[in-house]
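Comments concern the structure below.
The values are calculated or read from the model by the stated rules, or taken from the named source; none is laboratory data. Bear in mind the structure is a predicted one, so any value in this text is a computation, not a measurement. Every residue, glycine as well, gets a Cβ built from its backbone with ideal geometry; the counts of neighbours run over all protein chains shown. Remember, those area values only see protein heavy atoms, side chains included, never the ligands or the DNA or RNA. Shrake-Rupley method; radii C 1.70, N 1.55, O 1.52, S 1.80 Å.
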Amino acid sequence: MKHQPYKDWLLSDELLSFDQSNKLQEHLMTCESCRQLSMAWSDVQHLFKSVPLVIPAVGFTARWNARVADKYHKNQRRQSWWLMFLYAGIAVFLLVYLAYQVTTAFDNSTQLLLIGINQVTALLSFANAVQDIVLALLKTISTVVPPAWWVVLGTTICFLSLFWFVSLRKLIFSRRIIL
Amino acid sequence: MINSAVKDVEALWLDQARTGDAKAFCHLVESYQIAVYNLCYRMLGDHYEAEDAAQEAFLRAYKAMGRYDRKRPFSTWLLSIAAHYCIDQIRRRRMIMVPFDKLPNNKIRDTSPNPEKSLIVSEDQLKVHRLLDTLNPKGKAAVVMRYWFDFSYEEIAEALHLTVSAVKSRLHRARRKLAQSWLDNDFQEFHPERSYHETPAL
């Protein structure tokens, strides 16, 4: 007995035409296996429709929030580790470069000593020049400004310093009011 | 009118979630958790795996919100993500051959106070698992989307990255396999209560 296209029709989701439906019904009346298949599929459909929805355990959204937070923290930690490795890599590279530079410099230690002495001499010369300029300035000002003004200026500076110190102390150390 | 108000609120949440607003996405999690959980449960057959898969699906959706196309319904897109994750999980599982009569009876939360009814419901759930386990992962996903979520062929095709004709073909083969499994495994002591639950999962 031919079972096609009847098997396809009885398992089809789409509506059959009037003619197809009649032919299928006639076939089912004579074919036991197709009838059983049709009943089986009907039972399966009823089972699918009758089985209730499964509800997740209470607190699903809270658990999801916790999962998101956990992923975020893990990402942050991973990024921190990557940054740390990157900086460590850069530091190691710089150390190696510095070590190479120092090693090559030690090959010519006399020249290094001379360069060092030159640098120190230049710094001392600069400091000397600044000192000369300041002294000259002070000499000029002292001839222009009378001594009394110096006393007034010095007293004002001392008074302002004291005032600043007291204000700072009051701001840093809060007063305790005991009731 | 209520439906359009709900859709407007959901559209607002989606807009906010696309800008990275986690609170807005939480509202979407509240709205869709049952649907996503059910799909994952039908696909994986285990309560704990379904919870994990559902959580992961929402997380993936949250990360991909910038790529969500507003022209598509959010439910279709979200369930597509969940289905793909579940398909990957099924493929990663080691195949452990267990006789049918030794399958574990998974504890499923049921709100019914009647213990006898709870037992019947648990048995029904087990039968559903046994039937769905005879299908390949994509076929299972197509069946779940069709019969639990009333997805059209086009929606299933879009969700599973298949053509419409491929979906029709897979569903047809799946129906044949399910009906044959029903006959072969002698489920015929099952007498479904003929109170038709027409409400889809969404």
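Remark: the residue A:101-residue A:138 segment gains 8.7 nm on full extension, using 0.36 nm per residue and subtracting the alpha carbon distance. Does a label point 7 Å from the Cα of residue B:88, set along Cα-to-beta-carbon, have any residues of segment B:146-164 with amide nitrogen under 18 Å, and which are they? Under 18 Å, as judged by backbone N against the label point of residue B:88, lie B:159-162 of segment B:146-164.
Under 1.5 on a/c is rounded, so check that first for segment B:1-70, then, if it is not, pick prolate when a/b is larger than b/c and oblate when it is not; a ≥ b ≥ c are the square roots of the alpha carbon gyration tensor eigenvalues.
oblate
Straight-line reach from residue B:63: taking Cα to Cα under 17 Å and skipping same-chain neighbours fewer than 8 places apart, the lysines in range are A:71, A:74, B:23.
Contact residues in segment B:147-186 by the 50 Å² criterion (accessible area, 1.4 Å probe, full protein complex versus chain alone): B:147, B:148, B:172, B:175, B:176, B:179, B:182, B:183. Were the residues from residue A:148 through residue A:166 laid out at 0.36 nm apart, the gain over their Cα-Cα distance would be 3.7 nm.
Each residue was assigned an accessible area with a 1.4 Å probe, and for residue A:150 the value is about 100 Å². Remark: accessible area buried at the A-B interface is about 4200 Å², both chains counted, probe radius 1.4 Å.
Taking a ≥ b ≥ c as the square roots of the eigenvalues of the alpha carbon gyration tensor, segment A:35-179 is oblate, as a/c is not under 1.5 and a/b does not beat b/c.
Placing pseudo-labels 7 Å out from each Cα toward the beta carbon at residue A:16 and residue A:110 gives an inter-label distance of 11.2 nm.
Comparing A:121, A:104, A:143 in a Gaussian network model of chain A, where Cα atoms under 10 Å apart are tied by springs, the biggest mean-square fluctuation is seen for A:143. The mean number of partner chain beta-carbon atoms within 10 angstrom of a residue's beta-carbon across peptide B:128-139 is 1. The apolar share of the surface of the protein assembly as shown, taken as the fraction of accessible area on carbon and sulfur atoms (1.4 Å probe, ligands and nucleic acids excluded), comes to 62 percent. Per residue, the accessible area of the protein assembly as shown comes to 67 Å² when a 1.4 Å probe rolls over the protein heavy atoms. Residue B:46 to residue A:90: FRET efficiency via 1/(1 + (r/R0)^6), r the Cβ-Cβ distance, R0 45 Å, to the nearest 0.05? So, using R0 = 45 Å, E works out to roughly 0.40. For the protein assembly as shown, the alpha-carbon coordinates run over 134, 74, 42 Å along the three principal axes, in decreasing order.
Length available on full extension from residue A:159 to residue A:131: 0.36 nm per residue minus the Cα-Cα distance, which gives 7.2 nm. In segment B:44-85, which residues give up 40 Å² or more of accessible area once the other protein chains are added, compared with their chain alone (1.4 Å probe)? Correct list: B:51, B:55, B:59.
Apply the a/c threshold of 1.5 to the C-alpha gyration tensor of segment A:85-134 and tell me whether it is rounded, prolate or oblate. Judged from the Cα gyration tensor, segment A:85-134 comes out oblate (a/c at least 1.5, b/c at or above a/b).
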